[in-house]
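Okay, structure first, notes after.
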Amino acid sequence: MNDMEKELAAWGNVIEDFQLPRWNLLPDIDLYMDQVLTLIEKYLSPLTIHSDQKIITSAMVNNYVKLGLIPAPVKKRYTKKHIAFLIAISILKQVFTIQEIKDGILFQASVVGINEAFNLFCDEQEKSLKIVAAQVTGKQSIPILQEKIPVDFLAVKLATLSFSSKLITEKTIAISQKYLAKNNQIEAEEEK
């Protein structure tokens, strides 16, 4: 295994063990904006490609409120419901438009309720991350779509798989660019 494969496998091990908080683990107390941003960054930082990449900002949250994607805060405080929405939005915005996310959240919440829809999203996101992680860790490949998926859950299953596929693609490209630049530098020094 070369250095690039080792680095990608190490990242795959982190992603394979990644867990999102379930509804019952989200804070029961209302939070201010800066607390919400810190919490979302903490939860989702393993899913960033670049360590300096901002996952969420106060401007984003304010825009989501204006667009009706999340409810307005009450007295500048955000609830468990806000945090759940912001976790899902922060992930899904990588592969879908805001309107598609809004429609998907509303649909899934109408099928099983907000709490269960969020937990389902977390379960499916973790499963899809394990599937793509298996590709880079050299572990047994996990079948993606062998079982019949009920129509009510097809969108969430494939949405989470879309994000995971995009994430591994971006990470593979980022790592390969780093090693390509390193090899080009070595070749340039050898030519001197």
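The values are calculated or read from the model by the stated rules, or taken from the named source; none is laboratory data. Nothing here was measured: the structure is a model prediction, and the numbers come from that model. Here the Cβ positions follow ideal geometry from the backbone for every residue, glycine too, while neighbour counts run over all protein chains shown.
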Of the conditions (1) in a loop (DSSP other than H, G, I, E, B); (2) in contact with a strand residue (DSSP E or B) (Cβ under 7 Å, 6 or more places away or on another chain), the single one that Val36 does not satisfy is (1)
Ala181 vs (1) over 16 Å from Ile49 (Cα atoms); (2) not basic (Lys, Arg); (3) not in a helix (DSSP H, G or I): all pass except (3)
Selection over the stretch 39-66 where residues are in contact with a strand residue (DSSP E or B) (Cβ under 9 Å, 6 or more places away or on another chain) and of a type outside the set (Val, Ile, Thr) yields a count of 1
Would you confirm whether any residue within the stretch 57-80 is within 20 Å of the chain's Cα centre (by Cα) and closer than 18 Å to Thr169 by Cα? no
Within the stretch 74-90, considering residues that are outside any helix (DSSP H, G or I) and in contact with a strand residue (DSSP E or B) (Cβ under 9 Å, 6 or more places away or on another chain), the one surrounded by the fewest Cβ atoms within 10 Å (Cβ to Cβ): Arg77
Taking the stretch 91-117 as the search range and keeping residues that are within 13 Å of the chain's Cα centre (by Cα) and under 28 Å from Asp28 (Cα atoms), which one is surrounded by the fewest Cβ atoms within 10 Å (Cβ to Cβ)? Gln94
Just to be sure I understand, how many residues within the stretch 91-130 are hydroxyl-bearing (Ser, Thr, Tyr) and part of a helix (DSSP H, G or I)? 2
Among (1) in a helix (DSSP H, G or I); (2) more than 19 Å from Phe163 (Cα to Cα), there is one condition Lys139 misses while meeting the rest; what is its number? (1)
Give the residues of the stretch 150-164 that are within 20 Å of Leu20 (Cβ to Cβ) and either assigned to a loop (DSSP other than H, G, I, E, B) or modelled with pLDDT of 85 or more (or both), sorted by residue number. Ala155, Val156, Lys157, Leu158, Ala159, Thr160, Leu161, Ser162, Phe163, Ser164
Since Tyr43 meets every condition but one in (1) outside any loop (DSSP other than H, G, I, E, B); (2) without any contact (Cβ under 8 Å) to a residue 12 or more places away in the chain, which condition does it not meet? (2)
Can Val65 be described as surrounded by 12 or more Cβ atoms within 10 Å (Cβ to Cβ), aliphatic (A, V, I, L, M) and either in contact (Cβ under 8 Å) with a residue 12 or more places away in the chain or farther than 30 Å from Ala134 by Cα (or both)? yes
